[in-house]
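*Asks:* Structure incoming, see below.
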Amino acid sequence: MKQTLMGNDAIAWGLVHANVDMVSGYPGTPSSEILATVQKIKQQLNLPIYAEWATNEKVGFEVAYAGAISGKRTAATMKQVGLNVASDALMSASYIGNLGGMLLISADDPGFHSSQTEQDSRVFAKFARIPVLDPATPQDAYDMTRYGVELSERFEVPVMLRPVMRVDHARQIIEMEAQTHFEPKAGQFQRNVARWAGVPRAGRLRQGHEVLERIAAIEAYNWEHHLKPRFDALTGRSKLLILAGGTGYAFVQETLADLKIEADVVQIEMPYPLPREAIVARFEAYDHVLVVEEPYPLIEEDLAHPKLYGKKSGTMHRIDEMKKEHILIALQKLGYYTGPNIYEAPTIDLGFEVPERPPALCPGCPHRDIYYAIMKVFKKKRSIYPSDIGCYTLALSQGAIDSILCMGASVAMASGFSLANPDKTVVATIGDGTFFHSGIPPLLNAVYQDHRFILIILDNSTIAMTGRQTTPERYAPSVDIARIVEGMGITCHEHTYSHEMQENIDFLKKIKTIFESPEHHGPLVVRVRQFCILDTERRDDWIPNLFAEVDPEKCVACDHCTTVYKCPPMAYNAEGKIEIDPFLCAGCGGCLDVVCPTDAFQLDQLKSSGGLFEE
Ligand SMILES: Cc1ncc(C[n+]2csc(CCOP(=O)(O)OP(=O)(O)O)c2C)c(N)n1
Ligand code: SF4
Ligand code: SF4
């Protein structure tokens, strides 16, 4: 059956068609749609699948891994930086192995589209000594998902599927199973303490030898089943051989066709483990071997050969994502193409400058108001603002954030900043999703070591940034951030976001007084209950439908609202004064008081009474 699918949907269908009935993951672009689509398929076809968001990637991996140890077919999904979090479990899982097939799906993001690093999950697979499959297209992603589960079962080790963003989010007409005959395996844990609970040194040393034997066997399998048939099919008509992994394979084919160049091309479907000797023996017939892969030079480093050209040799780009222009330039450098750069983007003179539009918080997002209030109460000169990863990271453009590292780091960095800068007030911010993910251990650390800072938990009861996935608190009301904090023996100061800015400011002034009082010591935690404007389940309970407009007589174009408050509907008109775009304004009313020094924001009576939309 043919079906147009996005890569992540293809992976989800691949899991279902591989009879995977336990999928556990943590959201993160570009991987998030995989688990969400499994959830949809489960509902549509009424399938008995466990498909749930875990509290973080390590937890997600471990849930799936225990299922695979019990003989079930399972999968864990995450983005590449999530694999850092799950890596502790992965490293040991590779020693111990599994019985049922387990697919670890780690989606990479070459080009940093929505990630803080460009790291290469294939390198992690090599580090853990597990095989990795690198799809070039959504069709590959579907096929390799099914194949990866089988491979994992055959060799009793987790197998990694490493799609990149251009595979996750590309759409393609896919050939897939027309019918879903879902036949999951029953879980049957077989007690085997020596295997499942092997301890150093005796148990793990033996398993270490098994890891080496297993990876050697997979290497040989890679040659027999993947690489040898591809090398045997080459024409040998060109002196150039191209080894292409992931999207590189698709880009190479298009580039060669565009430039009308003949070359032998081998797709490297499993970039680790590679049978080096067998591969380099095939280099004899060629003058040059170009490696096209992303983002790191993994294949190039593993094959290390004088005829090899790629990122390390400076022939291919070193950073940023794959594009045809990079391959054209490499072909020029190697002397196989002497024509013009047909991919160079033309410069078009529009006659005006297109203003930059950096990512911004949504109109009406409460994060904006809380950051504005923080800056009003805890003045920049006397404060340090460590923050975290979530929608609120976008408050960077308000000047309300001084540091971002990785999920959960705001809390431990607040500890570090407070120790290193005792003359400053450290005001850290973190979302509820990130607090559950990895914010709790550093807070425990700060409590028992008595580190002095303020932590503001921005609790919108969702993981907004990656598509509003669930947080534990949302669907399990017994999970209460305040009680978690109080369980550490400290008070959780509660505030409910108000569209009246002065109320937010007054609350934080009280917090400042408590924090500065001689009796206070250690971390002071605040939980601000708020909402996400895209959260349709809760939005109407929060939005007061107070739409704003600007009194042109009062606006002095001081820039305060466009630089410190920064709500997207606020823009300059032809007279250089601020106007509010009525179609962008969300009616949150947040800007009506305090924000404008000349009080130019006022209620748009017509729109606020619904008049603008009446017949
Ligand atoms: C280790 C890791 N996993 C996943 C992500 C993807 N990610 C970015 S922000 C975020 C969570 C944001 O949720 P929350 O802290 O509740 O803030 P909100 O977006 O709701 O304001 C996630 C999962 C990441 N950056 N790093
Ligand atoms: S998606 Fe929600 S939390 Fe994120 S910026 Fe928009 S309103 Fe704020
Ligand atoms: S009322 Fe003001 S703060 Fe709220 S969305 Fe409209 S312009 Fe932005």
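*Asks:* Tell me, which helices (runs of 4 or more DSSP H) wholly within region 470-576 include 2 or more residues that are buried (at least 17 other Cβ atoms within 10 Å of the Cβ)? Steps first, please.
*Replies:* Values: elements: 472-475, 481-486, 501-516, 539-542.
Here the list reads 472-475, 481-486, 501-516.
*Asks:* Next question. Across region 405-458, what is the total count of residues that are among the basic types (Lys, Arg) and surrounded by 24 or more Cβ atoms within 10 Å (Cβ to Cβ)? Give the steps one after another, and end with the answer.
*Replies:* Initially, region 405-458 is screened for residues among the basic types (Lys, Arg), giving 424, 452.
This time we only want the ones that are surrounded by 24 or more Cβ atoms within 10 Å (Cβ to Cβ), so: none.
Looking only at that region, the number is 0.
*Asks:* Now a separate question. Within region 149-167, which residues are within 9 Å of residue 102 (Cα to Cα) and part of a strand (DSSP E or B)?
*Replies:* Scanning region 149-167 gives 159, 160.
*Asks:* Within the set of pairs 6+ apart or on separate chains, which have a first residue in region 474-492 that is closer than 17 Å to residue 54 by Cα, a second that is in a loop (DSSP other than H, G, I, E, B), and C-beta atoms under 6 Å apart?
*Replies:* From residues that are closer than 17 Å to residue 54 by Cα, the pairs are 474/461.
*Asks:* Of the residues that make up region 340-348, is at least one part of a loop (DSSP other than H, G, I, E, B), hydroxyl-bearing (Ser, Thr, Tyr) and crowded, with 17+ Cβ neighbours inside 10 Å?
*Replies:* no
*Asks:* Tell me, yes or no, whether region 588-604 has at least one residue that is part of a helix (DSSP H, G or I), within 13 Å of ligand 3 (Cβ to nearest atom) and either more than 34 Å from the chain's Cα centre (by Cα) or touching a residue at least 24 places away in the same chain (Cβ under 8 Å) (or both).
*Replies:* The initial filter retains those residues of region 588-604 that are part of a helix (DSSP H, G or I), namely none.
Checking region 588-604: not a single residue is part of a helix (DSSP H, G or I), within 13 Å of ligand 3 (Cβ to nearest atom) and either more than 34 Å from the chain's Cα centre (by Cα) or touching a residue at least 24 places away in the same chain (Cβ under 8 Å) (or both).
*Asks:* Check residue 286 against each of (1) closer than 24 Å to residue 237 by Cβ; (2) surrounded by 22 or more Cβ atoms within 10 Å (Cβ to Cβ) and name the one condition it does not meet.
*Replies:* With respect to (1) closer than 24 Å to residue 237 by Cβ; (2) surrounded by 22 or more Cβ atoms within 10 Å (Cβ to Cβ), residue 286 is out only on (2).
*Asks:* The conditions are (1) under 31 Å from the mean Cα position of the chain (by Cα); (2) assigned to a helix (DSSP H, G or I), and residue 212 fails exactly one of them. Which is it?
*Replies:* Checking residue 212 against (1) under 31 Å from the mean Cα position of the chain (by Cα); (2) assigned to a helix (DSSP H, G or I), the one that fails is (1).
*Asks:* On to the next question. Condition first: in the same structural domain as residue 99 (by TED's automatic domain parsing), under 30 Å from residue 274 (Cβ atoms) and touching a Ser or Thr at 6+ places or on another chain (Cβ under 8 Å). Now tell me which residues in region 170-221 satisfy that.
*Replies:* Scanning region 170-221 gives 170, 172, 174.
*Asks:* What tally of residues in region 64-82 results from selecting those that are touching an Asp or Glu at 6+ places or on another chain (Cβ under 7 Å) and not in a strand (DSSP E or B)?
*Replies:* Residues that pass the stated criteria total 4.
*Asks:* Check 364, 351, 314 and return the single one that is of a type outside the set (S, T, N, Q), at positive phi and within 16 Å of ligand 3 (Cβ to nearest atom).
*Replies:* Working: 351 fails: within 16 Å of ligand 3 (Cβ to nearest atom); 314 fails: within 16 Å of ligand 3 (Cβ to nearest atom).
The match here is 364.
*Asks:* Considering only region 305-336, state which residues are closer than 21 Å to residue 118 by Cα and part of a helix (DSSP H, G or I). Steps first, answer last, please.
*Replies:* Looking only at region 305-336, we keep the residues that are closer than 21 Å to residue 118 by Cα, and these are 310-327.
The answer is 324, 325, 326, 327.
The values are calculated or read from the model by the stated rules, or taken from the named source; none is laboratory data. Note that the structure is predicted; figures quoted are calculated from it, not measured. So basically every Cβ, Gly included, is an ideal-geometry build from the backbone, and we count neighbours across all protein chains shown.
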